[in-house]
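First comes the structure, then the notes that go with it.
The values are calculated or read from the model by the stated rules, or taken from the named source; none is laboratory data. These figures come from a predicted structure and were not determined experimentally. Cβ placement follows ideal geometry from the backbone for every residue including glycine, while neighbour counts extend to all protein chains displayed. With ligands, DNA and RNA removed, areas are computed over all heavy atoms of the protein, side chains included. Shrake-Rupley method; radii C 1.70, N 1.55, O 1.52, S 1.80 Å.
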Amino acid sequence: SLKDKIIHQINLAPWKGNFETEANVSISNAIYSDVAIEKLDVSFTSNDNKLLIKEFLAQGLAGADIRLIADIDNVYTDPQFNELSYTIKTNNFPMLTSSVGLNLGNKSLFKRKLFSTQGVLSGNISKFSLSSIQKFGDVEFSYTGDISLAKGEKEVYKGDIELKADNFTNFVHDIGFDYTPDIPATSFTISGAIKGNGSVFDVSNFNAYLG
């Protein structure tokens, strides 16, 4: 499972142990799991089963810059994120996803090169609360709510969403619809409350604005 894989990687840490560790690490031109990193700066403290990441900054990781700050309890057994904030920016999103083995399908939206995301989460690997903003070029998507990755979970996500696009026609084409409105349309915004999973979902309090 994803949880087991993450815990396994964490337990490979050389500082694991029942003692306090504080470190500031700076590395240039590193490779981790066959992924190149131009520059890596990490500042953290570890005490028994608690990890405080004051800053994790990876520049040029498969063409992306990643910043992470986290406060984690039970880090080696069942990580509990008191708070984890992150920022990711890249000028070549397809290169980033292929480098980390992430397949997002063939939609043109996910082949746009400009991508950024930032967010804050709390909880554990199986279930957590998330507030995040993602940008694919001129398309912005935000989500605030709960995510559950537990096996057999019917409601994987439950929260509020908002999507904004500067060019409606380009957006519908990029998500796979062959549609062009009779009247030229520019900006497009939808929002609502959503719950469900990848196959079945329900949207309420739905609002849409075009023009």
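General remarks:
- Å² per residue, accessible surface of the chain at 1.4 Å: 61 Å²
- Listed residue (91, 144, 210) projecting farthest to the positive dipole end of the chain, Cβ model: 91
- Listed pairs 54/164; 50/158; 107/154; 54/154 exceeding 31 Å between Cα atoms: 54/164; 54/154
- Local charge for residue 174 was computed over the other residues whose Cβ lies under 10 Å away, with Lys and Arg +1 and Asp and Glu -1, and equals +3.
- Relative contact order, whole percent, for the chain stands at 11, derived from Cα pairs under 8 Å and 6 or more residues apart.
- Total formal charge among the other residues, if their Cβ is under 10 angstrom from that of residue 87, Lys/Arg +1 and Asp/Glu -1: +1
- The stretch between residue 153 and residue 71 holds 26.9 nm of extra length on full extension. This uses 0.36 nm per residue minus the Cα-Cα distance.
- Alpha carbon centroid spacing (whole Å) that separates the range 172-202 from the range 94-112: 20 Å
- Charged-residue dipole, Cβ positions (Lys, Arg, Asp, Glu), the chain about Cα centre, Debye nearest 20: 340 debye
- Accessible carbon and sulfur surface of the range 24-72 relative to its total accessible area, %, 1.4 Å: 55 percent
- Heavy-atom accessible surface of the range 105-211: percent carbon and sulfur, 1.4 Å: 54 percent
- Environment charge of residue 55, counting only residues whose C-beta is closer than 15 Å and scoring Lys/Arg +1, Asp/Glu -1: -2
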